[in-house]
Amino acid sequence: LSEIERLQRKLAEISGMYEQGTASTQVSLRDVSAALPDSATLIEYYKYNHTDKHDQRSARYAATILNHSGLIANVDLGSAKPIDAAARIWIDDFSAPQMLSNERTSRLSAKLQALIWGPVASYFESTRLILISPDGTLNGVAFQALKSSDHRYLIEYSAIHYLSSARDVLRWNN
């Protein structure tokens, strides 16, 4: 009985530590926004399963865009299939540079740019620092090497920094 009581006390102690640890991981958009520098805009891409009114499920991408003032926009990027396909080609070609030609690179960049950057580009026009938290296949995309509609690389507009998730901003500030 004394061993059982000892183990129960230990479990209660560990449970309390677990609760404290998980409480500190509860982060709101307001927390993240407040931690962003004034000159930064954050985009968090995420892949999710959408269920339509006929109960049909499909994978989609969306993006949440924040700055120091708060939520700027939630943008639906559409079906994940064409985005993932374009991202895989981009990643494969950039892992074998001998496969690249200027024409092919421009074509790939334009396609991927239209799918993942074009729909959100207007939110970054006056940003000096872009924080990107990609999801799914987008984790392998070098966003700085994408070309904008005026054929300039995205890195020419703003500094770009990658995060594994939006809440990394809180650790980054510390």
Query raised in the report: Which is farthest toward the positive dipole end of the chain among Gln26, Thr105, Val141, measuring Cα position about the Cα centre, with Cβ charges +1 (Lys, Arg) and -1 (Asp, Glu)?
Result: Thr105
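Just the accessible area per residue of the chain, please: how many Å² with a 1.4 Å probe? Walk me through the intermediate numbers first.
Details: 10770 Å² over 174 residues.
Roughly 62 Å² per residue, with all protein chains present.
For the stretch 98-166, compute the orientation-averaged projected area of the C-alpha convex hull (one quarter of its surface), in nm².
On the way: hull surface 20.3 nm².
One quarter of the hull surface, i.e. the mean projection, equals 5.1 nm².
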Query raised in the report: Could you give the nm distance between label points at Ile89 and His68, where each point is 7 Å from its Cα heading toward the beta carbon?
Result: 4.1 nm
Query raised in the report: Semi-axes, largest first, in whole Å: what does sqrt of 5 times each Cα gyration tensor eigenvalue give for the stretch 29-174?
Result: 25, 21, 13
Report summary line: So, with points 7 Å from each Cα along the Cβ direction, the Ile14-Thr51 label distance in nm works out to 3.5 nm
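How many percent of DSSP beta bridges within the chain run antiparallel, rounded to 5?
Numbers: 20 of 29 bridges.
Once the DSSP bridges in the chain are tallied, antiparallel ones form about 70 percent.
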Query raised in the report: Given the protein chains as shown and a 1.4 Å probe, how many square angstrom of Tyr157 are accessible, to the nearest 10?
Result: 100 Å²
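Using a 10 Å Cβ count of at most 13 others and DSSP loop calls, identify the longest part of the chain lacking such trypsin sites (Lys or Arg not before Pro).
Numbers: sites that count: Lys53, Arg128, Arg152.
Excluding the exposed sites themselves, the longest stretch runs over 54-127.
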Report summary line: Placing each pseudo-label 7 Å from Cα in the direction of the beta carbon, Ile4 and Ser39 end up separated by a distance in nanometres of 6.4 nm
Query raised in the report: If you put +1 on each Lys and Arg Cβ and -1 on each Asp and Glu Cβ, how big is the dipole of the stretch 21-158 around its Cα centre, in Debye rounded to 20?
Result: 240 debye
Report summary line: A correct Karplus calculation of ³J(HN,Hα) over the stretch 80-86, with 6.51 cos²θ - 1.76 cosθ + 1.60, θ = phi - 60°, whole Hz and x for Gly and Pro, returns 6, 4, x, 5, 4, 4, 5
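The values are calculated or read from the model by the stated rules, or taken from the named source; none is laboratory data. Here the structure is a predicted model, which is why all the values come from computation and not from measurement. Positions of Cβ are backbone-derived with ideal geometry, glycine not excepted, and every protein chain shown enters the neighbour counts. When the accessible area is computed, the model is the full protein with side chains, heavy atoms only, and any ligands, DNA or RNA have been set aside. Shrake-Rupley method; radii C 1.70, N 1.55, O 1.52, S 1.80 Å.
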